[in-house]
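Enquirer: One structure coming up, written as structure tokens, with questions to follow.
The values are calculated or read from the model by the stated rules, or taken from the named source; none is laboratory data. What you see is a predicted model, and the numbers here were worked out from it, not measured in a lab. Glycine gets a Cβ as well: all are built from the backbone with ideal geometry, and neighbour counts include every protein chain shown.
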Amino acid sequence: MFPTSSQCKYWMFSSEDELNLLREKANNKHIQLYGKGMNDPWKGDFFLTPDEEQVMVKKYEIHLRDFCKRFLPPMPRCVIGTSFHYFKRFYIKNSVMNYHPKEIMVTCIYLACKVEEFNVSIQQFVANIKGDREKAADIILNNELLLMEQLNFHLAIHNPFRPVEGLLIDIKTRGSLHDPERLRQGTEQFLERVFLTDAILLYAPSQVALAAILHAASKLQENLDSYVTDVLFGKDGKNRLAVLIDAVRAIRSMEKTADNTPDKTYIRTLEKKLEKCRNLENNPDSEIYKKKMQALLDEDDDLYNAITVQNQQKNDSALSMKVPSSP
Amino acid sequence: MDDFACPRCRTTKFQNPSLKMMVNVCGHGLCESCVDLLFLKGSGSCPDCKIPLRRNNFRVQLFEDASVEKEVDIRKRVLRDFNKKEEDFATLNEYNDYLEEIETIIYNLTNNIDVINTNKRIEQYKKDNRELIQKNKGRLGREEYELEELLEIEKQMNVARKHEILLEETETKKKRIKRKEALIDELMFSNSDAKNIVESFAQQAKEEEEEEINKPLPTKITKFSSGIEFGRQSQITFLPVPTDDGPLYCYTPVVFDPDGPSPPVNEEVVQNGFMNHIRCETEQERAGGFKTNIACLRALQESMMGLYHTSRKLIV
């Protein structure tokens, strides 16, 4: 039920401007917190700007898509959709400089696997990652709770895949289109690209699905307008049609921008910049991070020790307790 | 118990079903007929241990093990003197020590351990506590006396109640006879219609009877015969936990707002051929309750829910 979901209540935004504003806020907050004692030009040079952050997020979104496609065992589409949602939601509230998107990306996918009931163990999961697998597993498991917390534990995601199936069934039953199965390929391509845009944070999954189907139809030089206006919306939906037309138009125009992948050399310079300005407390390679983790471990140990000592004392006092002798 | 036999005449329960085993202070059993035979003169010695016994000390054996009977006997005797109560001691520990001592004495006497010394101990105790023993005996007597008094009162009340009932019965009988006589007199001397007279008398009788029924019942008994009031325990029980009765729950039906065109309902899905375009469920899926129409319905609902969606949120 999308209209009653947490997705509809808390994670649908009115426009791209609102999203960008929120991202800017996160960026500013980070710079203010970690840029104390720096003058403004220095800050500008040292930290990433909101736009640069966006480029990084985009880069890792593409990375996420490719990683999921290559994933073994092959994962269902809804896992990919859900991980995209998590990833986007996370960087609405957090700065790229605070948590590195590379780490958050794999954590998102791992969490999405669990939520969408695609059962892989952490060993199976990290087998898809190049490099130090043990370290990767550590990073994922350490970040998992953080990620869920940042998502406010709103883990249920409504993806546009089932609505596409529903619309296809409806078109086959009530529409007049010849062989609607032809639409499937175009729809899938469209959906794949739409996940790289902010459309999924602005429009309902059913709207995205309808836009995908209409896009596929127009590519095949078919026209589904009469189906939408007469069959789908019918009598009661006439006055709501304008909203939908706007939404579909916006989604399709956003999808066209999905291909705007940034220049590779530009990305490389940004990566280097990020490596310098990222928050060392959350960098698993930094000394600070290691110290912090060690401190956490020690804290646990201390707590454990304190408890055992306490118990020991309690036991001792109980054993040496004197039975009040009769006078 | 079946193979239990009298140690003297070897009669068993099987041979004589009415066999009665008797026992005396020494704890050695004898059957009834043997007791009759041996203690013809009223006293004699136990055939087992040669202890002099008296005939009237023989009792019916209650426990299979005769030594238990012996212990019971000894206990009775010892407790006659060791009759202190808990209130006679300053602390619980002292009382417990005292009880421990009693048990030791009883055990010693039953098992013939150090009998001389133990008897000396008893004598010493008696000497030391003569006054207290007498007092406690008296106290026991007083308690018994009070109980008897209560019983007596109860008996008297019973008698009184019976008397009352009897009185009432004779009263009603008298009344009835009087009424009959009045009716006959009336019939004899009155000039009015006989039928009317009979009727009015019958009505009067009925009214009187009803009145009797409506008489208040005798006051309820609120005491046990022991003088403890009914429901005394209820004072100890806890009060019921106060429940906070908030406003009553009011059911409001769930309204389903699809925020889009209303999707087809189940019957339409089944009848209008929607299901021709979806894979039929496998046998396992059907066993799990995942039927085609449900999956089809869900897909259709999800495709239409939220189609009207617009974010009316303002930019913060």
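Enquirer: Show the residue pairs that are 6+ apart or on different chains and have beta-carbon atoms under 6 Å apart, the first residue being within the stretch B:298-310 and touching a residue at least 40 places away in the same chain (Cβ under 8 Å) and more than 7 Å from chain A (Cβ to nearest Cβ), the second being assigned to a helix (DSSP H, G or I) and among the β-branched types (V, I, T).
Expert: none
Enquirer: When you check B:D48 against the structure, is it more than 30 Å from B:G138 (Cα to Cα), outside any loop (DSSP other than H, G, I, E, B) and not aliphatic (A, V, I, L, M), yes or no?
Expert: no
Enquirer: Does the stretch A:239-264 hold any residues that are hydrophobic (A, V, I, L, M, F, W, C) and closer than 28 Å to A:V55 by Cβ, and which are they? Outline the logic, then answer.
Expert: First, pick out the residues of the stretch A:239-264 that are hydrophobic (A, V, I, L, M, F, W, C): A:241-245, A:247-248, A:250-251, A:254, A:258.
Within the stretch A:239-264, A:A247, A:V248, A:A250, A:I251, A:M254, A:A258 qualify.
Enquirer: On to the next question. More than 14 Å from chain A (Cβ to nearest Cβ), touching a Gly at 6+ places or on another chain (Cβ under 7 Å) and surrounded by 11 or more Cβ atoms within 10 Å (Cβ to Cβ): does that describe B:K70? Break it down into steps so the answer makes sense when it comes.
Expert: Working: more than 14 Å from chain A (Cβ to nearest Cβ): yes; touching a Gly at 6+ places or on another chain (Cβ under 7 Å): yes; surrounded by 11 or more Cβ atoms within 10 Å (Cβ to Cβ): yes.
Yes; evaluated as a whole, the condition is true for this residue.
Enquirer: Exactly one of (1) touching a residue at least 60 places away in the same chain (Cβ under 8 Å); (2) in contact with a Lys or Arg (Cβ under 9 Å, 6 or more places away or on another chain) is unmet by A:F233. Its number?
Expert: Looking at each condition in turn, A:F233 falls short on (1).
Condition check ((1) part of a loop (DSSP other than H, G, I, E, B); (2) exposed (fewer than 10 other Cβ atoms within 10 Å of the Cβ); (3) at pLDDT 80 or above; (4) not assigned by TED's automatic domain parsing to the domain that holds B:E168) across all residues:
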position: B:Q204; (1), (2), (3), (4): no, no, yes, no
position: B:D244; (1), (2), (3), (4): yes, yes, no, yes
position: B:S262; (1), (2), (3), (4): yes, no, yes, yes
position: B:V270; (1), (2), (3), (4): no, no, yes, yes
position: B:M275; (1), (2), (3), (4): no, no, yes, yes
position: B:E281; (1), (2), (3), (4): yes, no, yes, yes
position: B:R286; (1), (2), (3), (4): no, no, yes, yes
position: B:G289; (1), (2), (3), (4): yes, yes, yes, yes
position: B:S303; (1), (2), (3), (4): no, no, yes, yes
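Enquirer: Right, next: Select from the stretch A:243-280 the residues that are more than 14 Å from chain B (Cβ to nearest Cβ), in contact (Cβ under 8 Å) with a residue 40 or more places away in the chain and either of a type in the set (A, V, I, L, M, F, W, C) or within 15 Å of A:L210 (Cβ to Cβ) (or both) and list them in ascending order.
Expert: Hits for the stretch A:243-280 are A:R252, A:M254, A:E255, A:A258, A:I267, A:L270, A:L274, A:C277.
Enquirer: Keeping to the stretch B:84-106, report how many residues are surrounded by fewer than 13 Cβ atoms within 10 Å (Cβ to Cβ), more than 30 Å from B:D48 (Cα to Cα) and more than 14 Å from chain A (Cβ to nearest Cβ).
Expert: Result for the stretch B:84-106: 3.
Enquirer: Kindly list the number of the only condition in (1) more than 25 Å from B:N24 (Cβ to Cβ); (2) touching a residue at least 40 places away in the same chain (Cβ under 8 Å) that fails for B:F89.
Expert: In the conditions (1) more than 25 Å from B:N24 (Cβ to Cβ); (2) touching a residue at least 40 places away in the same chain (Cβ under 8 Å), B:F89 misses (2) alone.
Enquirer: Something else about it: Residue check, B:A66 against (1) within 28 Å of B:Y98 (Cα to Cα); (2) touching a strand residue (DSSP E or B) at 6+ places or on another chain (Cβ under 9 Å); (3) at pLDDT 80 or above, all met but one. Which one?
Expert: (3)
Enquirer: Looking at B:D65, B:D81 in this structure, which one is surrounded by 13 or more Cβ atoms within 10 Å (Cβ to Cβ) and among the acidic types (D, E)?
Expert: Numbers: B:D65 fails: surrounded by 13 or more Cβ atoms within 10 Å (Cβ to Cβ).
Of the residues listed, the single one that is surrounded by 13 or more Cβ atoms within 10 Å (Cβ to Cβ) and among the acidic types (D, E) is B:D81.
Enquirer: Would you check if A:I92 is surrounded by fewer than 17 Cβ atoms within 10 Å (Cβ to Cβ) and under 30 Å from A:R162 (Cα atoms)?
Expert: Numbers: surrounded by fewer than 17 Cβ atoms within 10 Å (Cβ to Cβ): no; under 30 Å from A:R162 (Cα atoms): yes.
So A:I92 fails the test.
Enquirer: Considering each of B:E71, B:E94, B:E131, B:E103 in turn, give the residue that is more than 35 Å from the chain's Cα centre (by Cα) and in a helix (DSSP H, G or I).
Expert: Details: B:E71 fails: more than 35 Å from the chain's Cα centre (by Cα); B:E94 fails: more than 35 Å from the chain's Cα centre (by Cα); B:E103 fails: more than 35 Å from the chain's Cα centre (by Cα).
Exactly one of B:E71, B:E94, B:E131, B:E103 is more than 35 Å from the chain's Cα centre (by Cα) and in a helix (DSSP H, G or I), namely B:E131.
Enquirer: Which of the residues belonging to the stretch A:40-75 are surrounded by 11 or more Cβ atoms within 10 Å (Cβ to Cβ) and among the aliphatic types (A, V, I, L, M)?
Expert: A:L48, A:V55, A:M56, A:V57, A:I62, A:L64, A:M75
Enquirer: Could you check the stretch A:1-111 for helices (runs of 4 or more DSSP H) lying wholly inside it with 3 or more residues that are touching a helix residue (DSSP H, G or I) at 6+ places or on another chain (Cβ under 6 Å)? Working first, answer last.
Expert: Details: elements: A:6-10, A:16-34, A:40-46, A:50-70, A:77-93.
Of the helices (runs of 4 or more DSSP H) lying wholly inside the stretch A:1-111, those with at least 3 residues that are touching a helix residue (DSSP H, G or I) at 6+ places or on another chain (Cβ under 6 Å) span A:16-34, A:50-70, A:77-93.
Enquirer: Considering only residues that are touching a helix residue (DSSP H, G or I) at 6+ places or on another chain (Cβ under 9 Å) and without any contact (Cβ under 8 Å) to a residue 40 or more places away in the chain, which ones fall in the stretch B:109-167?
Expert: From the stretch B:109-167, those touching a helix residue (DSSP H, G or I) at 6+ places or on another chain (Cβ under 9 Å) are B:109-111, B:113-115, B:117-119, B:121-122, B:125-126, B:129, B:132-133, B:136-137; that's our starting set.
Hits for the stretch B:109-167 are B:L109, B:N111, B:I113, B:D114, B:V115, B:N117, B:T118, B:N119, B:R121.
Enquirer: I'd like the residue in the stretch A:1-30 that is among the aliphatic types (A, V, I, L, M) and in contact with a Leu (Cβ under 9 Å, 6 or more places away or on another chain) and, out of all such residues, is nearest to the other protein chains (Cβ to nearest Cβ). Step through it out loud before you land on a result.
Expert: From the stretch A:1-30, those among the aliphatic types (A, V, I, L, M) are A:1, A:12, A:19, A:21-22, A:26; that's our starting set.
Now drop any that are not in contact with a Leu (Cβ under 9 Å, 6 or more places away or on another chain), which leaves A:12, A:19.
On the way: A:M12: 5, A:L19: 10 Å.
My answer is A:M12.
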